[in-house]
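The structure under discussion appears below in the form of C-alpha cells.
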Amino acid sequence: MVGVVKMRYPAPIPTTTVRAMAVATVLLFNWFIRLRLLPAYCQYLSCVYHTSRHIDTLKMIHSESAPVLSQLKPVHATILALCLLLTIPVLVQAPSGTDVVSSPFTLSDEHLISGVPYVWQEINGFCAWAATAMAMQAAGVEVSMYDVFAASTIGFSFAYFRINDTMLMFPGALYTQVEPTQFLADLYGINYTLYLGADIPNVEQAVQVYESQGINVGTLAGQAEAFDLMRSTIDDGYPLLISVDPTWLPADDYDTYREQGLTGGGHGILIVGYNDTETSATILDPGVGSFGDDYGYPADGRGNYTKITYTALINAWSNRYYISNVFKPGGYQVSDYENSLGPMIRDKLLGVGSIYSPNSVNAYIGHFGEQAFRHLSQDFTVEGLKSYLSVFDGIDDERNFKTSLLVFLGIGLEAQVTLQYLSYRSSLSVLPDLMPNTNLTGFIAAAQQALPHFAALSDNSTLVYPGNLTMVTGAVASTFRQIADSYNATGDLDSALSLHSTSLAAFSSELLAIADSWKAAGDILAEIWPSDFLTVYGPLVGFAGGAVAVLVVITVWWIKRRPSQ
C-alpha cells in the first residue's frame, strides 16, 4: 500500500452559493453558442446518457433517404456527436487519457470480492443506477435497479429549462445523481462517500457545496491515491463504483468508440478485485448490451467479473478525474423510511425547485415535475415551436441550421421522455412493496394515468441507436424529421409546421396529460403528508430578507432578457 487517501473537509459555505460545477458547464455552453450548436445539443444532450453516453455510431448518415441529415455540415455533425460524450454526474470536462503509466504500487497484493450480483442496466442511460444497485447489494441492502429508481426518487423526477435559445430536458436519471444517491443511502443506513479528483477545476468549492448538503466528500490527488482507495475499499470487502471513459474498457461493445478515436465520455462500473502481480483489476460493467446492434442481456457473461489491465484502467479512470463512490454499511439512517420517502416523491412530482436544485439559482429558473411537462406541452405546439425557432431568425445559414435543429428537437423530446417513462413505470411497480405500511391505492391509480401518455411519446430506438439517426423510428422523432424535410425543401416554416399540426397537437396533449397525472398523484401524497410551508416557500422567505434576494432577481432577469447567441 502507498498510504491512505487524503480527505479534505472545508467548512460549509452559505446555502446561497451556486455549485461551482456550473462554471464548467457555462464555459461549455459558451463554446456551443459560438458555433450555434447549443440548441441542437441541448435537445440531444442527456438522451444518450447511460451515464456514459453510449453511442452506436457517431456518424450523421448522408443519403438520399435522409435529405435532412445531408444538410448537416460535417464539422457540426462531428461536434454534436462528440458533445454527446461530455455530460456526466459531475459536469466537468475530462483530461485526455495517458498511454504510458508508471507503477506506484507494491506488487504481489491481490484481493477479489466474490459473489457480487450482476445488475444489467437494460438500456442506454441507466448505468449509474445499475452500478449503484450492485454497490448497495454488496453493502448488504437487497435492492434491485427498480428499487433504486423508486427509493432515490429519480423515477419520479423531471426537469426542463427554456431560456431564450436554450432548451434543456432532463429525466430524473440524468438531472442530478449525487443528491439522490445520498438520499437513497440515508434511507437504508449506508455510509456513502463521493471522491473527486483534486485536479477538477474548482474542486474545493464543489466539495464545500456538497458538504453543505450533508454529503461526505473526499479528494484524490492522482493515480497513487486512487489506487490506494481501490485497494483499501476492496480489502474492506466492498466494491468501488467509479466513473470511466468507456473507450478503455475491454468489451467489444465499445469498439465503435475506439475505431473513431472518441474519448472523454463517462460510464459507471464497479471494481471488485485487483491483482498487483498480474497488474489487472476485475470489474462489473452494467453497460454491455445496452446499445447498438448487439442490444440485449449479455448472456455470454461479458461485463460480469471481467479483467482489465491496470494500464487500461488508469487511462479510463484518469479521463474521469478518478471520480469514485464508496458504499459501506453503518451510515446515518432516517428514523422513518416511509415518512421520508413519501414527502420526497410528493415534492418531486409537484416540482418543488428547492428540492430539485438545493443551493442553486436553477431552482428558480427551471421547471420541474408536473410543471416541466406542462411547459413542454406549451412549447411543442405549432405556436410554441414558431416562437422558439424565431430566436434564430436572420442567423447565417438559417435554413440549414433550423432544419438540423428540428431533427434534434424531435429526437431529444422522444429520448428524454422514453428514459423517464422506463424509470417511472418501474418505480410504480415496486413502490407498494417499498412502502407496505402506507395505503398507496389512490396514488398508484392516479400515477398510472400517465403511463399510456408516456408510451405514446416513447420509443427505445432513440436510446439504443442514439447516434445513428436512420435507426430512430419513433413517432415523435419521425414527425419532426418530416417537418424538417418540408421546411428544408421550401424554406416555409409556417407551412411545414401546419402540415403536421394534428400530430403536434397530439404530442402536446400527451405531455399535458402526463402533467395532470403527476399533479393528481402528488396532490394525493400531499393529503397523506401535507406540504410543509417552509419546504415549498422557505427559500423565498429566506431570500426576501436582503441583498441576496436582489441578486437572485437580477440574475434571473438578466438570464431571461439576454439572448445567449
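The values are calculated or read from the model by the stated rules, or taken from the named source; none is laboratory data. As the structure is a prediction and not an experimental result, all values here were calculated from the model. A quick note on method: Cβ atoms are made from the backbone with ideal geometry, for glycine too, and the neighbour counts reach across all protein chains shown.
Overview of results
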read-out: Answer residue from the stretch 501-531, given it is free of Cβ contacts under 8 Å to residues at least 60 places away in the same chain and farther than 18 Å from L451 by Cβ and is surrounded by the most Cβ atoms within 10 Å (Cβ to Cβ) among those; value: S503
read-out: Test: residue in the stretch 365-379 that is out of contact with any helix residue (DSSP H, G or I) (no Cβ under 9 Å at 6 or more places or on another chain), surrounded by fewer than 18 Cβ atoms within 10 Å (Cβ to Cβ) and outside the structural domain of Q177 (by the TED database); value: no
read-out: Restricting the stretch 312-336 to residues that are part of a loop (DSSP other than H, G, I, E, B) and among the aromatic types (F, W, Y), the residue that is nearest to A224 (Cα to Cα); value: Y322
read-out: Residue count, the stretch 109-150 (criterion: more than 17 Å from the chain's Cα centre (by Cα), assigned to a helix (DSSP H, G or I) and of a type in the set (A, V, I, L, M, F, W, C)); value: 4
read-out: Selection status of K402, in a helix (DSSP H, G or I) and either without any contact (Cβ under 8 Å) to a residue 12 or more places away in the chain or under 20 Å from D165 (Cα atoms) (or both); value: yes
read-out: Helices (runs of 4 or more DSSP H) wholly inside the stretch 173-243 that include at least 3 residues being modelled with pLDDT under 95; value: 203-212
read-out: Test set (1) farther than 17 Å from D235 by Cβ; (2) out of contact with any His (no Cβ under 9 Å at 6 or more places or on another chain); (3) surrounded by fewer than 24 Cβ atoms within 10 Å (Cβ to Cβ) - Y322 fails condition number; value: (3)
read-out: Of the criteria (1) within 28 Å of A372 (Cβ to Cβ); (2) surrounded by fewer than 21 Cβ atoms within 10 Å (Cβ to Cβ); (3) not small (G, A, S), which one E211 fails; value: (1)
read-out: Among the residues listed as D347, D397, the single one being surrounded by fewer than 20 Cβ atoms within 10 Å (Cβ to Cβ) and acidic (D, E); value: D397
read-out: Residue check for A130: touching a strand residue (DSSP E or B) at 6+ places or on another chain (Cβ under 6 Å) and either crowded, with 16+ Cβ neighbours inside 10 Å or modelled with pLDDT under 95 (or both); value: no
read-out: Residue that is modelled with pLDDT of 95 or more, farther than 28 Å from A151 by Cα and buried (at least 19 other Cβ atoms within 10 Å of the Cβ), where the choices are L406, L422; value: L406
read-out: Residues within the stretch 270-286 that are free of Cβ contacts under 8 Å to residues at least 60 places away in the same chain and among the aromatic types (F, W, Y), tallied; value: 0
read-out: Selection count where residues are farther than 30 Å from G197 by Cα and buried (at least 20 other Cβ atoms within 10 Å of the Cβ), scope the stretch 325-341; value: 1
read-out: Output for the stretch 176-187, where each listed residue is out of contact with any helix residue (DSSP H, G or I) (no Cβ under 7 Å at 6 or more places or on another chain) and surrounded by fewer than 24 Cβ atoms within 10 Å (Cβ to Cβ); value: T176, E179, Q182, D186
read-out: Breaking point among (1) under 29 Å from G522 (Cβ atoms); (2) surrounded by 21 or more Cβ atoms within 10 Å (Cβ to Cβ); (3) not basic (K, R), for N437; value: (2)
read-out: Hits in the stretch 251-307 - residues which are of a type in the set (D, E), assigned to a loop (DSSP other than H, G, I, E, B) and either farther than 29 Å from D109 by Cα or modelled with pLDDT under 95 (or both); value: D293, D294, D300
read-out: Given (1) touching a helix residue (DSSP H, G or I) at 6+ places or on another chain (Cβ under 6 Å); (2) modelled with pLDDT of 95 or more; (3) not hydroxyl-bearing (S, T, Y), index of the condition P539 fails; value: (2)
read-out: Residues (of a type in the set (A, V, I, L, M, F, W, C) and surrounded by fewer than 20 Cβ atoms within 10 Å (Cβ to Cβ)) located in the stretch 273-311; value: A299
read-out: Tally of residues being modelled with pLDDT under 95 and of a type in the set (S, T, N, Q) across the stretch 360-402; value: 2
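Yes/no per residue for (1) charged (D, E, K, R); (2) surrounded by 20 or more Cβ atoms within 10 Å (Cβ to Cβ):
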| site | (1), (2) |
| --- | --- |
| I163 | no, no |
| P171 | no, yes |
| G222 | no, no |
| D228 | yes, no |
